[in-house]
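Worksheet: one structure, shown below.
The values are calculated or read from the model by the stated rules, or taken from the named source; none is laboratory data. Note that this is a predicted model, so its numbers are computed, not measured. Note: ideal-geometry Cβ built from the backbone for every residue, glycine included; neighbour counts use all protein chains shown.
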Amino acid sequence: MNPRTLVRLLAATLLCGPALTAAAPVPPAATGIKAGFAERDITPALGSEQPGGYGKAFHRSFHDPCKVRVAVFDDGKQKVVLIGLDALVVPRQLVLQARAEIERLTKIPGRAVMIGASHSHSSGPVGMVLPGQFDAAPEDIRKLAYADSSEASNGYLLLVTREIVEGVRAADAARVPAQLGFGYGHEDKVAFNRRLRMKNGQSWSHPGAMNPDIIDYAGPIDPQVGVIGAWDLNGKLLGTVVNFSCHATANPGGISANWIYYLERTIQGALDTRAPVVFLQGACGDVTQVDNRTPNQRPTAEAWSQLVGGRVGAEAVKVLLSVPRSSDIPVDVRQKTWPIPRRQPSAETIAKARATLALGKRPPDFTDWTFAKETLMLQHLIAVEPKPEVEVQALQIGPVVCVSNPAEYFVQYGLDIKQGSKFPFTFPVELANGCVGYVPTEEAFSAAGGGYETRLTSYSNLEISAGRQMANTGIALANEMKPGPVPDFAKIKAPGAPWRYGNVGPGLD
């Protein structure tokens, strides 16, 4: 389906006169919150590395732009910033550099800035190996890292850092008195847990569609579509924040924001607006658009992207059209950083990896060679940085708290955070303020566990308790803050008068 056709169909379905009238705001006498939104372009050049795998891949075509999207909220006492990147990950050093520059130029404290990656596998070169990361490694491991692995571009990282800063400056300058609305949509038809329980007692990632050994899904999904809408005092939409849990792996073809592009197009098309859409990826380390239990053939990549983005966007539109709005919106933030040790491969695993690499790549299946490479690269990282720094942040906008982690975080932990939070609306935000790779549940490491996400690599290697540490910390930080009131519609002051046309008995003659 043509994207414009998709937008027109959604607009025709959703934009009826009564719906728009019902959501019309009541202008307040004064406002306590200001909001500003902005976006900046971070589209990579053709020929750039395409991130998201353990080897080299390069962009050969363009589909849609990649962006930095920013929301600044100011309650008159302090400001908080939400930043959504169309990127696979956001490296920790980039976060620290961007925050320092934001604080220097805007006086917004770096600790009040949340920077989250959408995990778009069709975006620019931000990882997985960072420039200079393996310079001190032995020559054979340097080659594995730089010549045989997905590597970030130093120039592109500088571009992203600069545009994050400029985006925050623009959004801060665009602040106006605002009304905010909050809500959840529900979308359970486009995201599926990709780990399946098998008859052999293990849990496998993507065991193959309709594999007869599949028993059931090994984990849940999170169908909630978290939404924050901001309008000026005349009712014009300033911007939207959306939180949803699904890998951005639909890959419509070429450079792209992935299905988030169609999320944005759906919201903007249905509401006839260019207001920015800040997307914050939910806990989806084990959740993608792929359903391994369906008998149906998979759609094309383009259709799949439209399906996921369109349905999530439609839920966001329904929320925006129906929620009450308020200006009584306090903001606040909490933050904690600490080191978490990496898991160490055994001597036997290391020896096996060296033997596998000595045999060289043997087509057509490079799986054993790839993970042998990852074992030796991990050895070097353990030597130079045995305990990576992890940050968890809880950022409040009224009755919403966004709770971050720097992982491809299993969805169960996101659900646990929602359960433990006292906020009416809790948005888990993964791959924010850094990247430590996959962080599965402890159950995934048991005899009944397994799957791709538990593999020990240079990308994913934190100790088994890391996910629980992050969840407990996020819940504790969120619950240090007091939720703001949930906006409500104005109530009638007295019963209405009967309608003369309709308050009669049956018209029999």
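Would you confirm whether any residue within region 390-397 is on the phi > 0 side of the Ramachandran plot, in contact with a strand residue (DSSP E or B) (Cβ under 8 Å, 6 or more places away or on another chain) and either among the hydroxyl-bearing types (S, T, Y) or touching a residue at least 24 places away in the same chain (Cβ under 8 Å) (or both)?
no
Evaluate region 314-335: report whether one residue or more is without any contact (Cβ under 8 Å) to a residue 60 or more places away in the chain and small (G, A, S).
no
Would you check which residues across region 449-460 are touching a residue at least 60 places away in the same chain (Cβ under 8 Å) and either surrounded by fewer than 23 Cβ atoms within 10 Å (Cβ to Cβ) or among the hydrophobic types (A, V, I, L, M, F, W, C) (or both) and list them?
Of everything in region 449-460, those that are touching a residue at least 60 places away in the same chain (Cβ under 8 Å) and either surrounded by fewer than 23 Cβ atoms within 10 Å (Cβ to Cβ) or among the hydrophobic types (A, V, I, L, M, F, W, C) (or both) turn out to be G449, G450, G451, Y452, E453, R455, L456, T457, Y459.
Name the pairs whose Cβ atoms lie under 8 Å apart, with the first residue in region 350-372 and farther than 15 Å from L144 by Cβ, the second aromatic (F, W, Y), and 6 or more positions between them or separate chains?
Final answer for the pair search is R362/W369.
The rows are residues; the columns are (1) farther than 21 Å from G181 by Cα; (2) of a type in the set (D, E, K, R).
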| residue | (1), (2) |
| --- | --- |
| D222 | yes, yes |
| L233 | no, no |
| N251 | yes, no |
| R265 | no, yes |
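Checking E139 against (1) within 30 Å of G235 (Cα to Cα); (2) surrounded by fewer than 24 Cβ atoms within 10 Å (Cβ to Cβ): exactly one of these is not met. Which one?
Checking E139 against (1) within 30 Å of G235 (Cα to Cα); (2) surrounded by fewer than 24 Cβ atoms within 10 Å (Cβ to Cβ), the one that fails is (1).
Taking L82, is it among the hydrophobic types (A, V, I, L, M, F, W, C), under 17 Å from the mean Cα position of the chain (by Cα) and within 20 Å of Q281 (Cβ to Cβ)?
Answer is yes for this residue.
When both residues are 6+ apart or on different chains and their Cβ atoms are under 6 Å apart, which pairs have a first residue that lies in region 90-102 and is surrounded by fewer than 23 Cβ atoms within 10 Å (Cβ to Cβ), and a second that is polar (S, T, N, Q)?
As it stands, the answer is Q97/T161, since those pairs meet every condition given.
When I475 is evaluated against the numbered criteria (1) assigned to a helix (DSSP H, G or I); (2) within 30 Å of S149 (Cα to Cα), which criterion, by number, is the only one it fails?
Status for I475: all satisfied but (2).
Kindly establish whether T441 is surrounded by 22 or more Cβ atoms within 10 Å (Cβ to Cβ), of a type in the set (S, T, Y) and farther than 23 Å from V95 by Cβ.
yes
Determine the pairs where a residue that is within 23 Å of F410 (Cα to Cα), located within region 178-194, has a partner that is at pLDDT below 95 and of a type in the set (S, T, Y) with Cβ atoms under 7 Å apart, the partner being 6 or more residues away or on another chain.
Cβ pairs passing all conditions: none.
Report yes if G76 is crowded, with 21+ Cβ neighbours inside 10 Å, at pLDDT 95 or above and not polar (S, T, N, Q), otherwise no.
In short, no.
Within the set of pairs 6+ apart or on separate chains, which have a first residue in region 257-274 that is under 18 Å from G185 (Cβ atoms), a second that is acidic (D, E), and C-beta atoms under 7 Å apart?
Cβ pairs passing all conditions: I260/D86.
Determine, yes or no, whether V70 is touching an Asp or Glu at 6+ places or on another chain (Cβ under 8 Å), part of a strand (DSSP E or B) and within 25 Å of P252 (Cα to Cα).
Taking the combined requirement at face value, the residue satisfies it.
Return a yes/no flag: does region 381-389 have any residue that is touching a strand residue (DSSP E or B) at 6+ places or on another chain (Cβ under 9 Å), touching a residue at least 24 places away in the same chain (Cβ under 8 Å), aliphatic (A, V, I, L, M) and surrounded by 21 or more Cβ atoms within 10 Å (Cβ to Cβ).
no
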